[in-house]
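The values are calculated or read from the model by the stated rules, or taken from the named source; none is laboratory data. This structure is a prediction, so every number in the text was calculated from the model and none was measured. Backbone-built Cβ (ideal geometry, glycine too); neighbour counts: all protein chains shown. SASA here: full protein model, heavy atoms, side chains in, ligands and nucleic acids out. Shrake-Rupley method; radii C 1.70, N 1.55, O 1.52, S 1.80 Å.
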Amino acid sequence: MSEDSAGTAESFEVVVIGGGPAGLSAALNLARARRRVLVVDGNRPRHAATLVARGFLTRDGIAPLELRRMGREEVDAYENASVVFAQVGSVAVEGDGFRVTARGVRGGSDVDVRTDAVLIATGVTETMPAIPSIRAYYGTQLHSCVECDGFEKADKPLALIGETHDLAERALLLTQWTDDLVVFTNGTDAVGAGDERMLAPLGVRVERRRIDDVVGERGVMTGVRLEDGTVIERAGGFIRPIWSPALSFADGLDLDRDDEGYLVTDAHGRTSLPGVYAAGETTAPGPQQLIVAAGSGAVVASAVNRDLIGLSLEGAAVL
Ligand SMILES: Cc1cc2nc3c(=O)[nH]c(=O)nc-3n(C[C@H](O)[C@H](O)[C@H](O)COP(=O)(O)OP(=O)(O)OC[C@H]3O[C@@H](n4cnc5c(N)ncnc54)[C@H](O)[C@@H]3O)c2cc1C
């Protein structure tokens with residue numbers, strides 16, 4: 001997907017970067033607004049670690065990759081929209097629009113196209129605490145989204161592993177599902193003494209020693225082994241990864257970001273650069289859930305369509 005015989009780059013009204021629930025939902029709504037839309041997706045979703053996704057109305061329990069496959073099919077069914085597998089390497093301002101280039105992945109072709117608007121929906125990448133076997137249990141017995149997986153973990157002896165200062169707040173949230181929780185700070189000062197005292201009556205214990213590894217038998221997690229050899233029995237639990245928005249391809253656009261690197265947008269997903277929008281988890285996180293990301297894609301698609309028409313939303317609600 002590149003230049004025609006006259007050397008002109010193929011042109012779209014909107015290129016959506018990222019084919020997760022945010023990007024696909026935006027593309028579906030833009031396709032239905034009769035926009036010429038291209039979704040460019042690197043197809044490396046972080047939720048590939050799990051086989052079951054919870055909490056998406058009418059799809060509770062669906063495999064997340066199946067949800068994406070269905071979403072791609074729905075978008076592709078519109079003749080003015082398509083989804084390709086390619087990893088975007090750069091987005092540059094060109095004239096009154098943008099040039100998007102991407103390298104084909106999973107059999108997809110390279111992309112070099114022009115577009116009036118760009119909608120970024122590339123989600124986040126995750127950095128885990130440096131514990132050797134943590135990935136082996138991630139998505140099955142160790143999870144990161146309490147709202148998504150708390151229900152299946154209810155009333156079990158759980159671990160919460162992390163090194164960030166929101167750990168006490170996460171522990172407090174988890175008391176809705178269990179009264180037997182050990183918070184592992186892995187040698188960091190992630191939980192203060194005051195928070196530890198507040199959590200104790202709720203059945204939450206803070207373990208400050210460094211972790212050697214997560215242990216289990218035949219793929220079933222049984223506990224957390226500390227560096228001094230002590231094993232604390234746990235039947236799974238939650239991790240707090242460090243999340244970073246996946247935005248290296250947009251460095252040249254100099255978009256405003258917050259302290260954690262998330263794109264700063266207005267309520268309709270407009271970034272600091274006219275013509276560039278963001279949806280889903282590339283913007284400041286709310287609940288990290290599929291249905292929230294999909295909803296955000298629909299909200300931003302509405303703004304993109306109105307802006308392309310030239311409707312001013314200044315001071316007006318998006319109807
Ligand atoms: C293990 C796990 C389990 C989860 N379980 C649940 C659950 O049960 N229920 C629930 O509601 N939520 C769950 N979530 C959260 C859910 O996956 C996210 O909230 C949701 O996927 C965010 O959607 P998004 O569209 O913003 O980003 P993503 O789904 O992350 O999609 C971003 C897409 O952009 C692509 N991309 C990134 N960079 C580029 C680039 N340069 N060029 C092209 N494409 C690019 C990626 O490959 C990816 O396909 C889970 C998450 C994890 C990690």
Does segment 204-225 contain at least one residue that is in contact with an Asp or Glu (Cβ under 8 Å, 6 or more places away or on another chain), small (G, A, S) and open to solvent by 10 Å² or more (accessible area, probe 1.4 Å)? no
Matching option when the condition is closer than 27 Å to A33 by Cα, within 13 Å of the ligand (Cβ to nearest atom) and open to solvent by 20 Å² or more (accessible area, probe 1.4 Å), among A293, A298: A298
Would you point out which residue out of P129, P64 is open to solvent by less than 30 Å² (accessible area, probe 1.4 Å) and near the ligand (Cβ under 9 Å from one of its atoms)? P64
Return the total of residues in segment 269-290 being within 13 Å of L253 (Cβ to Cβ) and within 12 Å of the ligand (Cβ to nearest atom). 2
Of all residues in segment 109-132 being aliphatic (A, V, I, L, M) and assigned to a strand (DSSP E or B), which is farthest from I242 (Cα to Cα)? V113
Among what's in segment 288-319 and is within 23 Å of V146 (Cβ to Cβ) and part of a loop (DSSP other than H, G, I, E, B), pick the residue that is modelled with the highest pLDDT. Q289
Cross-chain or 6+ apart pairs with Cβ under 6 Å, segment 110-126 first and away from the ligand (no atom under 14 Å from the Cβ), then open to solvent by 30 Å² or more (accessible area, probe 1.4 Å): R114/S11; R114/R99; D116/E13
Quick check on segment 87-96: of everything there that is assigned to a strand (DSSP E or B) and of a type outside the set (D, E), which residue is nearest to L308 (Cα to Cα)? V93
In segment 24-75, the residues that are part of a helix (DSSP H, G or I), hydrophobic (A, V, I, L, M, F, W, C) and over 20 Å from S296 (Cβ atoms): A48, A49, L65
Filtering segment 15-41 down to residues that are over 18 Å from V111 (Cα atoms) and near the ligand (Cβ under 6 Å from one of its atoms) yields G20, P21, A22
Single match in R135, R106, R99 (criterion: away from the ligand (no atom under 13 Å from the Cβ), open to solvent by 20 Å² or more (accessible area, probe 1.4 Å) and either closer than 27 Å to Y262 by Cα or not in a helix (DSSP H, G or I) (or both)): R99
Residue check: is D189 open to solvent by 10 Å² or more (accessible area, probe 1.4 Å), under 18 Å from L226 (Cα atoms) and at pLDDT 95 or above? yes
What are the residue pairs meeting all of these: first residue in segment 42-56, first residue within 6 Å of the ligand (Cβ to nearest atom) and open to solvent by less than 40 Å² (accessible area, probe 1.4 Å), second residue at pLDDT below 95 and in a loop (DSSP other than H, G, I, E, B), Cβ atoms under 6 Å, and 6 or more apart or on different chains? N43/R106; T50/G139
Tally of residues being in a loop (DSSP other than H, G, I, E, B), open to solvent by less than 20 Å² (accessible area, probe 1.4 Å) and on the phi < 0 side of the Ramachandran plot across segment 238-270: 4
The number of residues in segment 138-174 that are in contact with a strand residue (DSSP E or B) (Cβ under 6 Å, 6 or more places away or on another chain), more than 12 Å from the ligand (Cβ to nearest atom) and acidic (D, E) is 0
